[in-house]
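Novice: Have a look at the structure that comes next, please.
Quick note: the coordinates plus some simple rules give every number you see, no bench work behind them. Computed from a predicted model, the values in this text were never measured in an experiment. Positions of Cβ are backbone-derived with ideal geometry, glycine not excepted, and every protein chain shown enters the neighbour counts.
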Amino acid sequence: MPIEISDPGDERVRDYFSLTDVKLRSRLDPERGLYLAESEKVIRRALGAGHRPRSFLMGQRWVTDLSDLVATAESQGVPVYVAQVDVIEAMTGFHLHRGALASMHRPPLVAPQELLRNALVFSETRWEEALDEELRGLRTGAARLKHVLLVTVDPKSHFSEQRALWNEVWSTLRFDDDLRPLVEHYYRAWLERIVALVEEGRSDGSVPKRVNAADAGWRLAAAADGFDALLYVGLATREDARRLLLGALQRELAG
């Protein structure tokens, strides 16, 4: 059964004291390892994300409206406190018009290295999907290869969003052993994509048969990365990088 609170100073509900004192709460909540969720929608979203409740506080009428949450909380040993509107207002410092509050265990912060690894996986997956979609409209291996290479020096392409991320990845790599397998996986995939496009061009006739796909592919990938680095440090303009990269492509495909 829900626990009725008649004293706004009851220590059992101290998580809900002085919610309008922003400076106080911004210090106390992290110290206690909690945060407050207000309204049915926010509470359900927090629970759906796997966050664990410490307790619930609500007006009497919301016990019925939120009966499923109440039943689940009680089955898990999480206290559900109910109080009259004036008691809740005296306790929290404001009128609770959204029905319910929940004191939630604050999830542990994700380590920066894990955030970077997750960002890399998300970014690479999105980039590969976008690039595959763009390549569908090109008919030959040589045309697809040219597009993939020029994307790396095009400021309007989705690849430009990854440049800062990859720079962070390279600078972090020597400090994070768990990052290395991801970098090796995605960089190998990039090399294999370039080589495969050269092979595709050899098959459809857009690249001469005498061209060695592996050698040409690796040299082109290295050239693209090199020009990208020059752009990053400001030693080349995008026009120069594009011109030089096209020149490298033409020489490689000439065999």
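Novice: Taking only C-alpha pairs under 8 Å that are 6+ residues apart, what is the relative contact order of the chain in percent?
Specialist: The value is 18 percent.
Novice: What chymotrypsin sites (Phe, Trp or Tyr not before Pro) in the range 63-153 are in a loop by DSSP, with at most 15 other Cβ atoms within 10 Å of the Cβ?
Specialist: Sites meeting the loop and neighbour criteria: Phe94.
Novice: Take the Cα coordinates of the chain, assign each an equal point scatterer, and use the Debye formula without solvent to give log10 I(q)/I(0) at q = 0.08, 0.15, 0.17 Å⁻¹.
Specialist: Listed by q, the Debye log ratios stand at -0.56, -0.97, -1.18.
Novice: Still on this model: Report the Stokes-Einstein translational diffusion coefficient (µm² s⁻¹, integer) for the range 6-126, Rh taken as the Kirkwood radius over Cα pairs, at 4 °C with viscosity 1.567 mPa s.
Specialist: It comes out at roughly 82 µm²/s.
Novice: Next up: Between 0 and 90 degrees, rounded to the nearest ten: what's the tilt of helix 180-204 against the longest Cα principal axis of the chain?
Specialist: Helix 180-204 sits roughly 40 degrees off the main axis of the chain.
Novice: Let me ask another. Per q in 0.16, 0.31 1/Å, what log10 I(q)/I(0) does a Debye calculation on the alpha-carbon atoms of the range 73-117 return?
Specialist: -0.65, -1.14
Novice: Please list, in order along the range 78-84, the HN-Hα scalar couplings obtained from phi with the Karplus expression 6.51 cos²θ - 1.76 cosθ + 1.60 (θ = phi - 60°), rounded to whole Hz, x for Gly and Pro.
Specialist: After applying 6.51 cos²θ - 1.76 cosθ + 1.60, I find 8, x, 10, 9, 10, 7, 5 Hz.
Novice: For the range 39-103, how big is the tail of P(r) above 18 Å, as a whole percent of Cα pairs?
Specialist: Working: 604 of 2080 pairs.
Tail fraction, whole percent: 29.
Novice: I would also like to ask the following. Quick one: the Cα spread of the range 112-254 along its three principal axes, in angstroms, biggest first?
Specialist: 47, 30, 26
Novice: To continue, here is another question. Rounding to the nearest 10 and keeping the result within 0 to 90°, find how far the Cα-based axis of helix 238-254 lies from the longest principal axis of the chain.
Specialist: 50
Novice: Which FRET efficiency, nearest 0.05, do Asp215 and His185 yield, Cβ-Cβ r, R0 25 Å?
Specialist: With R0 = 25 Å, the Cβ-Cβ based efficiency is 0.65.
Novice: For an R0 of 41 angstrom, estimate the FRET efficiency from the Cβ-Cβ distance between Ser26 and Thr125 and round to the nearest 0.05.
Specialist: That gives a FRET efficiency of 0.70.
Novice: Further, regarding this structure: Please give the length that would be gained between Asp177 and Leu244 if that part of the chain were fully extended, namely 0.36 nm times their separation in residues minus their C-alpha to C-alpha distance (nm, one decimal).
Specialist: Taking 0.36 nm per residue and subtracting the Cα distance, the gain is 20.6 nm.
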